[in-house]
Amino acid sequence: MRTLEPIFEAIKKSAFRIQKAITDEDTDYSSQSNQSGDIQLKLDILSDLIIAEEFSYIPLIKAIASEEKEEEDILNPDGELCIAYDPLDGSSLIDVNLSVGSIFGIYDGEWDAKKMIAAVYVVYGPRLEMVTAYKGNVRHFIYRHERFRELEQIHIGEKGKLNGPGGTQQFWPTHHKQLIDTLFDEGYRLRYSGGMVPDLHQILLKGGGLFSYPGTTDKPNGKLRKLFEVFPFAYIYELAGGYAIDDKGGRLLELGCENPHDTSACFFGSKYEIDRVKEFYGATK
Ligand code: AHG
Ligand code: MN
Ligand code: MN
């Protein structure tokens, strides 16, 4: 029987190595940019190399795709699984010492959200944590005394209290501003660090809320990349009992992805807040 354990173990090893690199290495920019036009930090490139090396030992992996590389890499033509990852999400927050993360989406055979079988994220913060979504469970691990120890499983509530609104407000559509203002008028509290991993982790662990990154006049399809950021968190939120939709009201996991670096407007949250998104966006799905 196929097991994903070697993949989870490789992610744990790379998490430990990346945490050490964040602590020990400097936060200089390199002279290169990635496919989305972001100038890469030396740490973005190093994290990518660490993960690619840990995955290179696993015959089950057919291909990997990284936010930091233009094209996919075929590791084993006879392998079964494809893994897309953002090696260091929120890396520009490292120089102000805020939490950052790594994000992984694991697919059966092809880069199709409907073929996703597991998703994982790692949080590099005051503590090192990992969350895995696989076979119906969202499991939460914390690194303590040199190994990852499991905490309680994660379930999101029906309605939360936190609001994490992404994107530049100046460029938000009017109905989006009305949605965000309405939630604040209802008593929601602002929780937005600019790192989607800790921001979405906080909403999951504190029982619910809304994280949004809308389409804007300057970026009609939003900023967050489907393969590297949006699909893995959509999978994790749905498995935890939450919802993950686009600005038409459809499930993010039903979207296609023509180019590995394509982006989508995205909304992650609990039932109540996602119903409000649909209402304000006039979504019929
Ligand atoms: P990355 O560092 O991998 O480029 O991604 C950063 C992302 C995400 O973590 C965050 O939610 C978003 O960028 C923040 O964007 P804004 O500053 O536009 O809100
Ligand atoms: Mn990212
Ligand atoms: Mn990144």
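Here are a few things to note about the model shown:
- Any chance Val96 is within 16 Å of ligand 2 (Cβ to nearest atom), among the aliphatic types (A, V, I, L, M) and either open to solvent by less than 10 Å² (accessible area, probe 1.4 Å) or not assigned by TED's automatic domain parsing to the domain that holds Gly194 (or both): no
- In segment 14-42, the residues that are more than 26 Å from Arg127 (Cβ to Cβ) form Cβ pairs under 6 Å with partners that are open to solvent by 90 Å² or more (accessible area, probe 1.4 Å) and among the hydroxyl-bearing types (Ser, Thr, Tyr), at six or more places apart or across chains, as follows: Ile39/Tyr29.
- Restricting segment 199-216 to residues that are crowded, with 20+ Cβ neighbours inside 10 Å and at positive phi, the residue that is farthest from ligand 3 (Cβ to nearest atom): Gly208
- Of all residues in segment 31-69, those satisfying the criterion of being part of a loop (DSSP other than H, G, I, E, B) and open to solvent by less than 30 Å² (accessible area, probe 1.4 Å) are Asn34, Ile58, Glu67, Glu68.
- A single entry from Arg147, Arg139, Arg191 fulfils the requirement of being open to solvent by 20 Å² or more (accessible area, probe 1.4 Å), touching an Asp or Glu at 6+ places or on another chain (Cβ under 7 Å) and either assigned by TED's automatic domain parsing to the domain that holds Lys115 or aliphatic (A, V, I, L, M) (or both): Arg139.
- Residues of segment 223-238 satisfying the condition of being farther than 15 Å from Leu210 by Cβ and not in a helix (DSSP H, G or I): Lys223, Arg225
- Of all residues making up segment 205-223, the number that are modelled with pLDDT of 95 or more and either among the small types (Gly, Ala, Ser) or farther than 25 Å from Asp262 by Cβ (or both): 7
- Condition check for Thr182: out of contact with any His (no Cβ under 9 Å at 6 or more places or on another chain), open to solvent by 20 Å² or more (accessible area, probe 1.4 Å) and modelled with pLDDT of 95 or more: yes
- The residues of segment 3-22 that are open to solvent by 90 Å² or more (accessible area, probe 1.4 Å) and either modelled with pLDDT under 95 or touching a helix residue (DSSP H, G or I) at 6+ places or on another chain (Cβ under 7 Å) (or both) amount to a single one, Lys13.
For every residue, the table says whether it meets (1) in contact (Cβ under 8 Å) with a residue 40 or more places away in the chain; (2) within 12 Å of ligand 1 (Cβ to nearest atom).
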position	(1), (2)
Asp218	yes, yes
Ala234	yes, no
Gly249	no, no
Ala283	no, no
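The values are calculated or read from the model by the stated rules, or taken from the named source; none is laboratory data. In this text, all values refer to a predicted model and were calculated from it rather than measured experimentally. We place every Cβ from the backbone using ideal geometry, glycine too, and count neighbours over all the protein chains shown. Note: areas computed on protein heavy atoms with side chains; ligands, DNA, RNA excluded. Shrake-Rupley method; radii C 1.70, N 1.55, O 1.52, S 1.80 Å.
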